[in-house]
Amino acid sequence: MALEKKLKIAIGGASGETGMSIINALLDSPDNFDIIALVRPESASKPVYQDLATRGVSLKIIKFSDIEAMTSILTGVDTVISCLTLLQVAEEHALIDASHAAGVGRFVPSFFAVVCPPRGVLTLRSMKEDVLDRCKRLYLPYTVIDVGWWMQLSLPQVPSKRLDAQISVPDTIIGADGNVPTAVTDVSDIGKYVARIVADPKTLNKHVFAYGEVTTQNKIWAAVEEATGETIPRTYLSKEDAEATMLQLKEVAGKNPADMPSLFKLSMLEYKYTWGIRGDNTPEHAAYLGYLDAKLLYPDVECKSVGVFVSEIVEGARSATVYKNRDDHPVTMLQGKV
């Protein structure tokens, strides 16, 4: 679908899983988008960015501490997309301030996760809402995009360990009885939706839920069992046990905010609690919370099903490993420490 006007898109955190999915989709429509990757000086020589440059992405070296210089780079940009991690909150705030000063037409904050109430359920969601509040205080046009839980984080490993190399962050515990509906998305499909959303005036100053499929943990685990012929032992997490453990972890975090392993464990447990026990992460709850449904907006966008995704992993056609060669990402830094 050709746009009337080519859009200039700048992306912070372009080398991550979400950032690369978005860039790949934007590059698939060269007549619609000019793409800028915002790169820290120490990252500019990394192979991932050099590869992006050869594919037609413009690399702009930035220092997040230099708002004036960032403002100059962002002047004339239609949309800024943040894929920064929550260890980079100060940097995202700086990117918001520079986007506002440059007159950017749309800012997409780094949400790209599950749907849940804005506060009181998920600590990381509350932090993201603080970022959005900064946009609103500046009346900076925005679009929030959430994508559900990643399929890459939804697969259990099997007793034979044949999938261990393909699954870097396995699903290890089932919330409630395993039948809680939740929306999941293959990371590689995120960009397809983002390319449509940022070109659509209907999504300005809105929340959009862009997901692949609604399923349950039991269905995902059963799909892995069917594809491998193995029986996977189950461990279940009740609502009461989850709440008690979260309370303990919050007490630890309150005493030592620098205890990153405990904070990571709390965050992952809160995620499981919201999508696997409370059942927040569904199109119905998203509609209540004011989200637009990307499946209704863009019914022609095709997303990978859980069944196909599982088959590809089991057959070795692809990997569910995330954050490969990203030693600076919190998931990578804390693997094996929680």
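Where a number appears in this text, it was derived from the coordinates with a stated rule and is not lab data. Note that the structure is a prediction, hence the values are computed from the model and not measured. Note that each Cβ is placed from the backbone with ideal geometry, even for glycine, and that neighbours are counted across all protein chains shown.
Return one number: the angle in degrees, 0 to 90 and rounded to the nearest 10, between the long axis of the Cα atoms of helix 187-197 and the longest principal axis of the Cα atoms of the chain.
40 degrees
How charged is the neighbourhood of residue 120? Take every other residue with its Cβ under 12 Å from the Cβ of residue 120, and add Lys/Arg as +1 and Asp/Glu as -1.
0
For region 60-218, with only Lys/Arg (+1) and Asp/Glu (-1) charged at the beta-carbon, what is the dipole magnitude about the Cα centre, in debye rounded to 20?
180 debye
How would you classify region 190-307 from its alpha-carbon gyration tensor, with a ≥ b ≥ c the square roots of the eigenvalues: rounded for a/c under 1.5, else prolate if a/b is greater than b/c, otherwise oblate?
Oblate.
Loop-only trypsin sites (Lys or Arg not before Pro) in region 234-286, please: DSSP not H, G, I, E or B, and at most 15 other Cβ atoms within 10 Å.
Filter output for region 234-286: 234.
Size of the dipole of the chain about the Cα centre, Lys and Arg at +1 and Asp and Glu at -1 on the beta carbon, nothing else charged, in debye to 20?
480 debye
Quick one: Cα convex hull volume of region 78-144, Å³ per residue? Can you show the working numbers first?
Values: hull volume 5.1 nm³, N = 67.
Dividing the Cα hull volume of region 78-144 by its residue count gives 76 Å³.
Using mean Cβ contacts within 10 Å as the protection proxy, how do 188-199, 212-223 order, highest first?
Ranking the peptides 188-199, 212-223 by packing returns 188-199, 212-223.
Would you mind checking the tilt of helix 260-272 against the longest principal axis of the Cα atoms of the chain, expressed as 0 to 90 degrees and rounded to 10?
80 degrees
Rounded to the nearest 5, what % of DSSP beta bridges with both residues in the chain are antiparallel?
Details: 3 of 32 bridges.
Percentage antiparallel, nearest 5: 10.
What nm value, rounded to one decimal, do you get for the distance between residue 319 and residue 177 when each label is placed 7 Å out toward the C-beta?
Taking the simple label geometry, residue 319 and residue 177 are separated by 3.9 nm.
Placing +1 on the Cβ of each Lys and Arg and -1 on the Cβ of each Asp and Glu in the chain, which of 216, 43, 181 has its Cα farthest towards the positive end of the resulting dipole?
Sorting the options by dipole projection puts first 43.
So between residue 225 and residue 259, what do we pick up on full extension, going 0.36 nm a residue minus the alpha carbon distance?
That pair, residue 225 and residue 259, stretches by 8.6 nm at full extension.
Could you work out the per residue convex hull volume over the alpha carbons of region 76-217, in cubic angstrom?
About 130 Å³ per residue, rounded to a whole number.
Give the residue from 157, 21, 276 lying farthest towards the positive end of the charge dipole for the chain; charges sit on Cβ (+1 for Lys and Arg, -1 for Asp and Glu) and the dipole is referred to the Cα centre.
21
Obtain the nm distance between the two label points defined at residue 54 and residue 288 by a simple spin-label model: each point lies 7 Å from its Cα along the Cα-to-C-beta direction.
Between residue 54 and residue 288, the simple spin-label model gives 5.0 nm.
May I have the convex hull volume per residue, in Å³, for the Cα set of region 159-252?
Residue-normalised Cα hull volume stands at 170 Å³.
Go ahead and run the numbers for FRET between residue 72 and residue 200, Cβ-Cβ distance against an R0 of 30 Å, rounding to 0.05.
Once the sixth-power term is evaluated, E becomes 0.60.
So if the hydrodynamic radius of the chain is defined as the Kirkwood radius over C-alpha pairs, what does Stokes-Einstein give as its diffusion coefficient at 25 °C and 0.890 mPa s, in µm² per second?
Answer from the Stokes-Einstein relation: 119 µm²/s.
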